[in-house]
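The values are calculated or read from the model by the stated rules, or taken from the named source; none is laboratory data. None of these values were measured; they are calculated from a predicted model. Note that each Cβ is placed from the backbone with ideal geometry, even for glycine, and that neighbours are counted across all protein chains shown.
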């Protein structure tokens, strides 16, 4: 393989200057879009997409909660501040404690590629505040083909997956993919399992010789978070998934696409939380109709209808506090959406107009020993049994885009008008209505064949969710704040992309002004030691830069790298506080890799992931200083005909470290007298292997 081919390959992974061609799909990406390709083939270590994104992108940080189903932070933002779609369908998790974030509802073995679009430069989707993550799953092939994967790793990790696709008739293609995997509790660099990490945390934070009933009560509660003896060594999770697709070419220019994604998880352990997930089930149904070249004013017409459902019960059943009476918090969410958009060319303009509609329902109940909380005993009859009381969030939007090509200059413009209503079935909670006009202007200047300059300015918004507005604690305390304003993001981006004979480099910077950012305030505690109206609006700024590139040393040897830094400040402290550091702003992060490919059958990769110390963090709301770390991962693969064997080891030097902080927006194990909560360490040295057979 020639040097030029390698340069093209690596450039597509890290730079994505123009167009990536995948079968019959043309993905038009702006210069500020990062595309992570071949997730199905590359990320075979586990099904956790959050961990895969953390390893591959310097701008993505991981929120570690378990052995799987971990969340991500992009540019210092997470939750609803990031829009996540799977083949265009918007997906939400049901858990208010982020045990089932949107990226957890599709597994790496079903993913083709991922677009990470940073900034407010998307008007087609609802709630794109600071970034959106577009996940594209694998597609049916014209000729019959497929693969079978068997994976094994440290701590009893086992995975089996297969996919097959092809043509049923001349005009109908299918795809079926399924997987199953399970793992024991991983061990950190010190050899501690999940249960050990909790025990160590309890031992470090018990109050010695408690002098009053409150201190003794705290010790009892903290001890109750440990796993019961019979559950100490239970598996960390088991997970099954299926993906099915049917594509019908109705005519030469019309296509109907049907797809279904199902995920079933059981007994997912979350050691740094007070509860574990008894199950986590999701179903995603998607229907797309695409018609091309219908006339002068319809280059492409696309109609999409989708529905996603998530069922997530979490419980204290496996903890010592649940040995006699266990609490369960069972939540469901359903997202229904539809959109229609039409694009056409007019002179040097490509214009797209459309309508977007979605309705999300979110409901949660508390039970004790599987009995609704207010029916359990006379002492609890006054308490609510709903945490989120059948809340509907309905959005209707109109959007318009224009792509204007003017010699060396390309302008992208977008406008979106949103009308959103949020209502609760609980009569004591008021309805909320929001309307906003958002938009952007993004310019790319092609100075020459190898040099591009780009800059953009945009405004976007996102409304509060049902947790932030209406969440009720198990004591009946209103944790949500029902009069929150929508968050508005005004952002400016600027950057440069440069290609050389044997290298590429890309640098970009951003400045984001957030009006009415929705922050969690740990100071809002009432006389019953219950949190009330914990969320409030505050103005803030986040700014930072990213640098990435590649270097081709020889036909066989090439390097890639990326680094990202963000800083965030609130304009004023939250009520009752003095600090202004923004939460969940990771420090400087660096990714680098050395790749060696020999005659297309043998490949090696050495990967470094490093981070600086957390020196700026929101201490008053639970965050704490985390040490710097540097982790080395190694991977090699060999192809023999239809077989490919991959072996690897992550965290080669068995470091003990943590990547995710402890913002109190998540309910984690507490510390008496302090605002800090339990950190969760990353896995120690991890060996894995995967055998793939392609047919």
* To do: Exactly one condition in (1) touching a strand residue (DSSP E or B) at 6+ places or on another chain (Cβ under 6 Å); (2) assigned to a strand (DSSP E or B); (3) closer than 30 Å to residue 540 by Cβ; (4) at pLDDT 90 or above is not met by residue 92; state its number.
  => (2)
* Quick one: is residue 568 in contact (Cβ under 8 Å) with a residue 12 or more places away in the chain and buried (at least 20 other Cβ atoms within 10 Å of the Cβ)? -> yes
* To do: Tell me, yes or no, whether segment 682-695 has at least one residue that is free of Cβ contacts under 8 Å to residues at least 60 places away in the same chain, more than 26 Å from residue 198 (Cα to Cα) and either in a strand (DSSP E or B) or in contact with a strand residue (DSSP E or B) (Cβ under 8 Å, 6 or more places away or on another chain) (or both).
  => no
* For residues in segment 369-388 being part of a strand (DSSP E or B) and touching a strand residue (DSSP E or B) at 6+ places or on another chain (Cβ under 7 Å), which is farthest from residue 90 (Cα to Cα)? -> 372
* Asked: With 468, 491, 497 as the choices, which residue is within 24 Å of the chain's Cα centre (by Cα), over 30 Å from residue 531 (Cβ atoms) and crowded, with 21+ Cβ neighbours inside 10 Å?
  -> 491
* touching a residue at least 12 places away in the same chain (Cβ under 8 Å), touching a strand residue (DSSP E or B) at 6+ places or on another chain (Cβ under 6 Å), surrounded by fewer than 21 Cβ atoms within 10 Å (Cβ to Cβ) and not in a loop (DSSP other than H, G, I, E, B), is that true of residue 166? -> no
* To do: Only residues that are within 17 Å of residue 306 (Cβ to Cβ) and buried (at least 18 other Cβ atoms within 10 Å of the Cβ): list them for segment 215-254, please.
  => 243, 245, 247
* Determine, yes or no, whether residue 84 is in a strand (DSSP E or B) and either buried (at least 21 other Cβ atoms within 10 Å of the Cβ) or on the phi > 0 side of the Ramachandran plot (or both). => yes
* To do: Kindly indicate whether any position in segment 640-659 is surrounded by fewer than 20 Cβ atoms within 10 Å (Cβ to Cβ), in a loop (DSSP other than H, G, I, E, B) and in contact with a helix residue (DSSP H, G or I) (Cβ under 8 Å, 6 or more places away or on another chain).
  => no
* Would segment 336-347 turn up any residue that is over 29 Å from residue 122 (Cβ atoms), modelled with pLDDT of 95 or more and either surrounded by 16 or more Cβ atoms within 10 Å (Cβ to Cβ) or over 28 Å from the mean Cα position of the chain (by Cα) (or both)? -> no
* For the subset of segment 437-463 comprising residues that are surrounded by fewer than 20 Cβ atoms within 10 Å (Cβ to Cβ) and within 25 Å of the chain's Cα centre (by Cα), which member is farthest from residue 484 (Cα to Cα)? -> 457
* To do: For segment 283-299, indicate whether the set of residues that are under 30 Å from residue 323 (Cβ atoms), crowded, with 23+ Cβ neighbours inside 10 Å and under 20 Å from the mean Cα position of the chain (by Cα) is non-empty.
  => no
* Asked: For segment 584-632, what are the residues that are part of a loop (DSSP other than H, G, I, E, B) and touching a strand residue (DSSP E or B) at 6+ places or on another chain (Cβ under 7 Å)?
  -> 584, 585, 586, 587, 588, 601, 616, 617, 618, 622, 628
* Asked: Is it the case that residue 144 is in contact (Cβ under 8 Å) with a residue 12 or more places away in the chain, buried (at least 22 other Cβ atoms within 10 Å of the Cβ) and either farther than 19 Å from residue 240 by Cα or touching a strand residue (DSSP E or B) at 6+ places or on another chain (Cβ under 8 Å) (or both)?
  -> no
* To do: Could you please find all residues in segment 425-477 being at pLDDT below 95 and either at positive phi or touching a helix residue (DSSP H, G or I) at 6+ places or on another chain (Cβ under 8 Å) (or both)?
  => 426, 429, 474, 476
* Asked: For segment 532-557, what are the residues that are closer than 30 Å to residue 596 by Cα and outside any strand (DSSP E or B)?
  -> 553, 554, 555, 556
* Can you confirm whether segment 480-488 contains a residue that is modelled with pLDDT of 95 or more, closer than 30 Å to residue 363 by Cβ and assigned to a helix (DSSP H, G or I)? => no
* Just wondering, is there one or more residues in segment 267-279 that are touching a helix residue (DSSP H, G or I) at 6+ places or on another chain (Cβ under 7 Å), crowded, with 16+ Cβ neighbours inside 10 Å, at pLDDT 95 or above and assigned to a strand (DSSP E or B)? -> no
* Does any residue in segment 399-414 that is free of Cβ contacts under 8 Å to residues at least 12 places away in the same chain come within less than 8 Å, Cβ to Cβ, of a residue that is surrounded by fewer than 19 Cβ atoms within 10 Å (Cβ to Cβ) and not in a strand (DSSP E or B) six or more places away or on a different chain, and which pairs are these? -> none
* Would segment 191-214 turn up any residue that is assigned to a loop (DSSP other than H, G, I, E, B) and under 27 Å from the mean Cα position of the chain (by Cα)? -> yes
* Does residue 422 meet the test of being in contact (Cβ under 8 Å) with a residue 40 or more places away in the chain, closer than 30 Å to residue 302 by Cβ and touching a helix residue (DSSP H, G or I) at 6+ places or on another chain (Cβ under 9 Å)? -> yes
* Asked: Which one of 316, 380, 328 is touching a helix residue (DSSP H, G or I) at 6+ places or on another chain (Cβ under 8 Å) and either touching a residue at least 40 places away in the same chain (Cβ under 8 Å) or buried (at least 21 other Cβ atoms within 10 Å of the Cβ) (or both)?
  -> 316
